[in-house]
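The values are calculated or read from the model by the stated rules, or taken from the named source; none is laboratory data. Because the structure is a prediction, the values reported are computed rather than measured. Methodologically, a virtual Cβ is constructed for each residue, glycine included, from the backbone with ideal geometry; neighbour enumeration extends over all protein chains shown. Protein only, heavy atoms only, side chains kept; ligands, DNA and RNA dropped before computing areas. Shrake-Rupley method; radii C 1.70, N 1.55, O 1.52, S 1.80 Å.
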Amino acid sequence: MLRKIRIGISLTIFLLFTFYLVDFAGILPNSFHVLAHMQLIPALLGLNLGILLFLLVLTWLTGRSYCSAICPLGIFQDIAIWISRKRDKKKHYDYRRALNRWRWGILLLIVVAGFSGFMFLVSLFDPYSAYGRIVVNVLKPLYLVVNNFLTWIFTMFDNYTFYYMDIIVTSVSALIIAFVTLLVVGYLAYRYGRIYCNTVCPVGTLLGFISKYSLFKVHIDTSKCNSCGLCARKCKASCIDSKKHEIDYSRCVVCFDCIDNCRQGAISYTLRYKKESQKNISSDEPDISKRTFVATLTAVALTAPKSAMSQSVGVLIGNKPYKKEHPLSPPGSISAEHFNQHCTACHLCVSKCPSHVLKPSLLEYGVGGILQPVMNFENGFCNYDCTLCSEICPNKAILPLTKEEKHLTQVGHVVFIEENCIVHTDNTNCGACAEHCPTQAVTMVPYRDGLTIPKINPDICVGCGGCEYVCPVRPFRAIHIEGNPVHLQAKPIQINKVDETEIDDFGF
């Protein structure tokens, strides 16, 4: 019964979260972003004390139920394990001693990287973010392919339930990293069970330490056990030593497979009210010197210099070269530095952005910010009234904004290069940039021969990128947005009041 309940909860969370990430039609309401807020590392980075307290208490009470029922990457591994068992009916696992040096070494590396501002490593090993990237960069394009195929089929019968969607690969580097993650984690789970969770995953290591002292634990009743070893062969965490009747609780993910398969009824999930004797394998206990070593290096990491926030990326515009000094971080991120220190590149905002403005970065933020979303106006521009990314971000890398606050948040400022404008080069009218500017930061003024040319006012520009997106000049646009390293407040738009004149009759 416990196993069925666990499977029901885990599949519900997994399917809802996965569909929320690929759902381009908005079938699920945006309130489902709470599934992302339930994850440990986002809650830790966002200092979401309520979620942190809930997860820690849950682990202390029940063991690593987070890993078996809430973590999407853990559930994905269970699916791979289930497939392997279906293909090989004789599939079994053997007890393995914990690789504690690997576990605590990787956790130490992640902690040091996080405090030193090198968030790329944190995002690479965070299970939630890893799964988010897999879905957004690998599964979502496949989902769109299926959608477009169904659209083609249904339209032949004059049924327009489905509609075509552009399939956009936001970043080749993100696609490669996500695909490699999918293959590595899937292969390890298929062959060796939950070895990734118990050797590599920093969340598994941290919660494993707490779960050793959990109130409820899987217990082997030696008076009933006949030492058949079936529980150990079915344990995908390889944490049951059936010969010694011992369980490594730091690696047990409370999947209840052992309880369901024990033919003697010797295994139960009970309250451990008695003081635990030192039955667990001694190598599973991290020694005091190791903890001191971790704490010492963590303290040192607090004073470590931050990684280079931005490396200049050379861009040529027309005949006049210039350098973009700063990338554009999303509205609500306060500054590129704040964004880099909190974002784990889960790509939730990339998937849900209705204008396709956010894309995974490569080196725009420097090496430490690889894969973190950056604003890019190749496929759209930031909707003036949209605050969706600030509402759904689980890490508080993007803080919530109201529409009024968004209207005055200047993530960047407009730059105009007259030498590249077709009004100057081709002596023809345009004005597309001014038509798409929501704040009148770009207006048209008299130029020559009856033509008008753009004039910019950076003070009231919010950096939405509408002007850059619609500029027809190729390959290098005549108008673009330069990022602000620290977001500023744009000046309010001054609306010119027109004198109201009372007109009798029709006025002519």
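Some notes on this structure:
- Taken together, the residues in the range 69-86 that are under 24 Å from the mean Cα position of the chain (by Cα) and either assigned to a helix (DSSP H, G or I) or surrounded by 23 or more Cβ atoms within 10 Å (Cβ to Cβ) (or both) amount to 11.
- Residue within the range 205-218 that is over 25 Å from Pro373 (Cβ atoms), without any contact (Cβ under 8 Å) to a residue 12 or more places away in the chain and either crowded, with 19+ Cβ neighbours inside 10 Å or among the acidic types (Asp, Glu) (or both) present: no
- In the condition set (1) open to solvent by 30 Å² or more (accessible area, probe 1.4 Å); (2) in contact with a helix residue (DSSP H, G or I) (Cβ under 8 Å, 6 or more places away or on another chain); (3) over 26 Å from Phe179 (Cα atoms), Val367 is compliant with all but (3).
- Among the residues of the range 423-450, those that are assigned to a loop (DSSP other than H, G, I, E, B) and either under 19 Å from Phe381 (Cβ atoms) or open to solvent by less than 20 Å² (accessible area, probe 1.4 Å) (or both) comprise Cys430, Gly431, His436, Cys437, Pro438, Thr439, Gln440, Ala441.
- Close contacts from the range 458-473, counting a first residue that is over 23 Å from Pro492 (Cα atoms) and a second that is of a type in the set (D, E, K, R), with Cβ to Cβ under 6 Å and a gap of 6+ residues or different chains, come to Cys471/Arg477.
- First in the range 250-273 and in contact (Cβ under 8 Å) with a residue 12 or more places away in the chain, second anywhere and among the β-branched types (Val, Ile, Thr) and part of a loop (DSSP other than H, G, I, E, B), Cβ under 8 Å, 6 or more apart: Ala266/Thr222; Tyr269/Val254
- Residues in the range 144-194 that are closer than 30 Å to Ser238 by Cβ and among the hydrophobic types (A, V, I, L, M, F, W, C): Ile177, Ala178, Phe179, Val180, Leu182, Leu183, Val184, Val185, Leu188, Ala189.
- Checking Asp385 against (1) under 28 Å from Pro29 (Cβ atoms); (2) surrounded by 17 or more Cβ atoms within 10 Å (Cβ to Cβ), the condition it does not meet: (2)
- For the range 394-433, a residue qualifies if it is among the β-branched types (Val, Ile, Thr) and over 24 Å from the mean Cα position of the chain (by Cα), and the qualifying residues are Val414, Val415, Ile417, Ile422, Val423, Thr425, Thr428.
- Looking only at residues in the range 89-131 that are free of Cβ contacts under 8 Å to residues at least 60 places away in the same chain and not in a helix (DSSP H, G or I), the one that is nearest to Phe76 (Cα to Cα) is Lys91.
- Candidate set from the range 323-355 (those that are surrounded by fewer than 24 Cβ atoms within 10 Å (Cβ to Cβ) and over 15 Å from Ser390 (Cα atoms)); member that is modelled with the lowest pLDDT: Lys323
- Qualifying residues in the range 232-268 (those that are under 21 Å from Ile210 (Cα atoms) and small (Gly, Ala, Ser)) - the one surrounded by the fewest Cβ atoms within 10 Å (Cβ to Cβ): Ser268
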